[in-house]
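Notes follow once the structure below has been shown.
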Amino acid sequence: MTSESAAPSPPVAVRRATRRSRRRRGRDIAREVGFYLAVIVVLLIALFPFYWILRTSLLTDTQVGQGVGGPNGIVPSHLSGVAYKEVFADQGFATPLLNSAIVAGLTTLITVFVAAIAGYALARLPIRGAGAILGFILLAGFFPVLAMVGPLFLVLRDLGFLDSIWPLIIVYLVYTLPISTYLLRNFFMQIPAELEEAALVDGATRLVALRRVVIPVAIPGMFTAAILSFILAWNDFAFAVSFLETPSHFTAPLAIVNLGQSQFQVFYNRIDAAVVIITIPVALLVLFAQRRIVSGLTAGSFR
Amino acid sequence: MATLKLSAVTKRYPNGFEAVTDMDLDVAEGEFMVLVGPSGCGKTTALRMVAGLEDITEGTIELDGRVVNDLSPRERDVAMVFQNYALYPHMTVAENIGFSLSLQRMPKAERRQKVAEAAQILGLSEHLDRKPAQLSGGQRQRVAMGRAIVRNPAVFLMDEPLSNLDAKLRVHTRAEVSRIQRRVGVATVYVTHDQVEAMTMGDRIAVMRNGRIQQCATPQVVYGLPNNLFVAAFIGSPAMNLYQAELSADGTTVALGNQTLDVPTVLRPESVAGSHRGRPVVVGIRPEELADAARAGDDGVGMRRLEGTVDLIEELGSETLVHFHIDAARLSATDALLADADEDPDLGAGEIGAETATAGVARVAPDSRIAAGQRVRFAVDTEKIHLFDPETGDSLRQAA
């Protein structure tokens, strides 16, 4: 520090620069505030329906009958969990939930297992026409659902497989397998061949290398495939409504539609309670898997 | 008995490209063999064939006397260090090093002890619980080494293991790898494109080009008696100065432009270079065989002097590099390396573009007073110069 810089008033140029930077900082703050305001608006619009579902699910049958307004405004004066109790006690929602869990769970397990093996083969093994094979696999997944419902209905009817949850698993696999195979193939292709070769030289067979090195490294891809498959099977309505008949065989989305209907009133609180319930597994799955997906692909493996 | 023996090994791809041609190589027990050559010369392919990661088209590879051509990598008992290390990112350092042992179903206690020993040798003991992502480049390199040495395999294979380290760390690790290899005493095949690594680390060096071994010998021999122009130009930094010249009719002197040099005694007999007398040859002079004549003490023999004009001086402290040119057609080392005779793998200088006035390099003592722009006289140790056949590229010393 020299004595000049300690002088009482800084040189003109410095003062001007300070004023300019202050003005710039003011602009930056305004821009930031504007950005977050926009984010809040978008979030409010996106989240309001979810809030409304949650709000309605916490009302009583009487409150629903009274409509919106008065004590039943945007924030109701009285909330209760009675709708949730009714959904299980009166409507037997546990059975469709279990059905959905079985169908979605098995679909996911089979998808991840088969797609991993198929994706690995397409990515790594010297298969003639691997690209064409992949194209055909993907093509199957691109058929519109409604185009598939009719033919599949006829097939299942002739086989005597209607009104059961098991064939649903196969139907869902038609959609989950192509996309998962494609996804995992791309994941495996990103994994450097050297990683696997290192395992082979270290004394692993191809299968051991796949199980202990390639798949652990491809975990983010496995979780992505699992989430996609689970959500597809868990949320499906079109196939379930076409192939299932007996209420005790219903999956959860199908059960919701038939929920809370009486001659005189639609029990929106029960429907919304069921919606909240079926949303929870998906939300948990995504939250849990997200942590896995974030942990990088081959961080630190190479130089 | 050789630990590793390659006999007439050839690798031909379905499109007809031959990455390795008719390769013979013996690696003795505990020997450090370096495969060196420019990129694409087949050295890595050769290594991968030994590892079992690449099929062998022709020939045989033997490990400890048994032919391993059709064995999978895990049945061969080889360990490999990859260029990019290829560490398992989801495993800790200890798990990385111990992976091969766990595949052998070695009991946990024994495994832990072996991993600890390897980590001790490599100075990784404090990092055993870390994941590769938490390690520095040098540490990752050592983990890759650890994965190899923990197994006590029949042979180590290393594919440019130092190329991803920065220059300083590379020099340090180079010595480290040599030290570890001697300590473990396992036959090693080490692939590199860096001729300094090859010279400093190898017990023997195999110089490769276009899938063929050009010369396989100790570093001293490869440097001092290169088989051909390619080896001469590839090994050594700065590279050997190569000039187009003409051998005199009596075979005792060689003319570079309007200057003449004595031919080394060993190359004078009729039986050695007789067929080249009165015909063009390529003269090779290592930079260190040119000394500042003003410092060397003039012995008055004109045949041992080479006069040139200085273009540039590079002072390195321990020595000074003098870039100069003489009035003779010069082959630059890059020409010799790049002349890619696709059909004819033997290097012919005839097809190499000759340049005049491209700088040659002399390595002189740091107290030299040579300055840029000067005419300068170099004292040449003519007994150490090389003559090459310009058609085949072969060194005439081979016949001596």
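The values are calculated or read from the model by the stated rules, or taken from the named source; none is laboratory data. All figures in this text were calculated on a predicted structure; none of them were measured in a lab. Virtual Cβ from ideal backbone geometry, glycine too; neighbours counted across all protein chains shown.
For the subset of the range B:54-63 comprising residues that are charged (D, E, K, R) and under 17 Å from residue A:201 (Cα atoms), which member is surrounded by the fewest Cβ atoms within 10 Å (Cβ to Cβ)? Here the residue is B:55. Evaluate the following for residue A:301: is it within 14 Å of another protein chain (Cβ to nearest Cβ), surrounded by fewer than 14 Cβ atoms within 10 Å (Cβ to Cβ) and either at pLDDT 85 or above or within 30 Å of residue B:139 (Cβ to Cβ) (or both)? So residue A:301 fails the test. Looking at the range B:118-150, which of its residues are crowded, with 19+ Cβ neighbours inside 10 Å, among the charged types (D, E, K, R) and more than 21 Å from residue A:217 (Cβ to Cβ)? Answer for the range B:118-150, where residues must be crowded, with 19+ Cβ neighbours inside 10 Å, among the charged types (D, E, K, R) and more than 21 Å from residue A:217 (Cβ to Cβ): just B:142. For the range A:41-82, residues that are touching a strand residue (DSSP E or B) at 6+ places or on another chain (Cβ under 6 Å) and surrounded by fewer than 17 Cβ atoms within 10 Å (Cβ to Cβ) total 1.
Only one of the numbered conditions (1) closer than 18 Å to residue A:208 by Cα; (2) within 9 Å of another protein chain (Cβ to nearest Cβ) is not met by residue B:98, and that is (2). In the range A:191-208, the residues that are closer than 14 Å to residue B:81 by Cβ and at the interface with chain B (Cβ under 7 Å from one of its Cβ atoms) form Cβ pairs under 7 Å with partners that are assigned to a helix (DSSP H, G or I) and not aromatic (Phe, Trp, Tyr), at six or more places apart or across chains, as follows: A:195/A:213; A:195/A:217; A:201/B:51; A:201/B:73; A:202/B:100; A:202/B:103; A:202/B:147. Look at (1) surrounded by fewer than 18 Cβ atoms within 10 Å (Cβ to Cβ); (2) at pLDDT 90 or above; (3) not assigned by TED's automatic domain parsing to the domain that holds residue B:386 and you find that residue B:279 fails only one, number (3).
Residue A:221 fails exactly one of the following numbered conditions: (1) of a type outside the set (D, E, K, R); (2) within 14 Å of chain B (Cβ to nearest Cβ); (3) closer than 30 Å to residue B:149 by Cα; (4) assigned to a helix (DSSP H, G or I). What is the number of that condition? It fails just one condition, (3). Does the range A:157-174 contain at least one residue that is touching a residue at least 60 places away in the same chain (Cβ under 8 Å), β-branched (Val, Ile, Thr) and not in a helix (DSSP H, G or I)? Yes, because at least one residue in the range A:157-174 is touching a residue at least 60 places away in the same chain (Cβ under 8 Å), β-branched (Val, Ile, Thr) and not in a helix (DSSP H, G or I).
Could you tell me whether residue A:145 is away from chain B (no Cβ under 14 Å), touching a helix residue (DSSP H, G or I) at 6+ places or on another chain (Cβ under 9 Å) and more than 17 Å from residue A:225 (Cβ to Cβ)? For residue A:145, the condition - away from chain B (no Cβ under 14 Å), touching a helix residue (DSSP H, G or I) at 6+ places or on another chain (Cβ under 9 Å) and more than 17 Å from residue A:225 (Cβ to Cβ) - is met. Checking the structure you have, find out if any residue of the range A:25-32 is β-branched (Val, Ile, Thr), part of a helix (DSSP H, G or I), on the phi < 0 side of the Ramachandran plot and exposed (fewer than 11 other Cβ atoms within 10 Å of the Cβ). Checking the range A:25-32: at least one residue is β-branched (Val, Ile, Thr), part of a helix (DSSP H, G or I), on the phi < 0 side of the Ramachandran plot and exposed (fewer than 11 other Cβ atoms within 10 Å of the Cβ). Filtering B:51, B:86 for residues that are surrounded by 15 or more Cβ atoms within 10 Å (Cβ to Cβ), touching a residue at least 24 places away in the same chain (Cβ under 8 Å), touching an Asp or Glu at 6+ places or on another chain (Cβ under 6 Å) and within 11 Å of chain A (Cβ to nearest Cβ) leaves a single hit, B:86.
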